1. Which GluC sites (Glu not before Pro) in the stretch 42-132 sit in a loop by DSSP (not H, G, I, E or B) and have at most 15 other Cβ atoms within 10 Å of their own Cβ?
2. Zone of Asp154 (label point 7 Å along Cα→Cβ, backbone N under 11 Å): which residues in the stretch 50-80?
3. Need the full-extension length gain, Arg127 to Ser28, defined as separation in residues times 0.36 nm minus the C-alpha distance. One decimal, nm.
4. Let me check I've understood the local charge: for Tyr95, count other residues with C-beta under 13 angstrom from its C-beta, Lys and Arg +1, Asp and Glu -1. What total comes out?
5. Taking the Cα-to-Cβ direction at Arg38 and at Asp65 and moving 7 Å from each Cα, how far apart do the two end points lie in nm?
6. So between Asp49 and Tyr89, what do we pick up on full extension, going 0.36 nm a residue minus the alpha carbon distance?
7. How much length is gained if the chain between Arg97 and Gln163 is pulled fully straight, taking 0.36 nm per residue apart and subtracting their Cα-Cα distance, in nm to one decimal?
8. Please report the antiparallel percentage of the DSSP beta bridges confined to the stretch 18-168, to the nearest 5.
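Coordinate-derived values only; no laboratory data. Just so we're clear, the structure is a prediction, and the values are computed from it rather than from any experiment. Note that we place each Cβ from the backbone using ideal geometry, even for glycine, and neighbour counts take in every protein chain shown.
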Amino acid sequence: MLSVLAVVLSASLSLPSASYSNAALLTSANRHVRTTDRYVQQLLAEGLDRSPTLHALMGGLEATDVIVYIQPVSELPGTVAGRLLMVPYRGTGRYLRIQVALGRSPSEMIGLIGHELRHALEIAEARDVRNEKDLVMLYERIGDRSHEALHQYDTAAARLTGQRVQRELV
Ligand SMILES: [Zn+2]
């Protein structure tokens, strides 16, 4: 019986998102993915309705100490469509800011959000990452350089996740 229980427990741990409704992920007062922007909120709602991958990403972040704020911006430096910043904070919990550049189709925007949320999960899983310097060290290890410029990294997981989210919207 014990082994059965262990299997059941680990199965539910590997699918944390299963227990979160879309409404809870979008509006719960202590949700981990937040935005003050109405358009981004609409994109999240649409993405949750249509993309199981986005649902799993947002549900996965609920089980971590990371809170993510998504902010739309009109432009980002260079050819960057989205980026993620660590918000300096000395208390418990960690805060990330995702910036996504507007001017893309809704499904491209949702894919972009999925891509950046995958990075948020990468950081959430690296529990010792607490500032920009730690972040650079993490991506020196797990990332690949997407640009010549200093401190710009990407991961294959995030690229694949963004593409998968976008495919699921069709
Ligand atoms: Zn990326």
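1. Sites meeting the loop and neighbour criteria: Glu75.
2. 79-80, by backbone N distance to the label point.
3. Length difference between fully extended and current span is 33.2 nm.
4. Summing Lys/Arg as +1 and Asp/Glu as -1 gives +3.
5. Each label point is offset 7 Å from its Cα along the Cβ direction, giving 3.7 nm.
6. Here the answer is 11.1 nm.
7. That works out to 21.6 nm of additional length.
8. Here the antiparallel bridges make up roughly 45 percent for the stretch 18-168.
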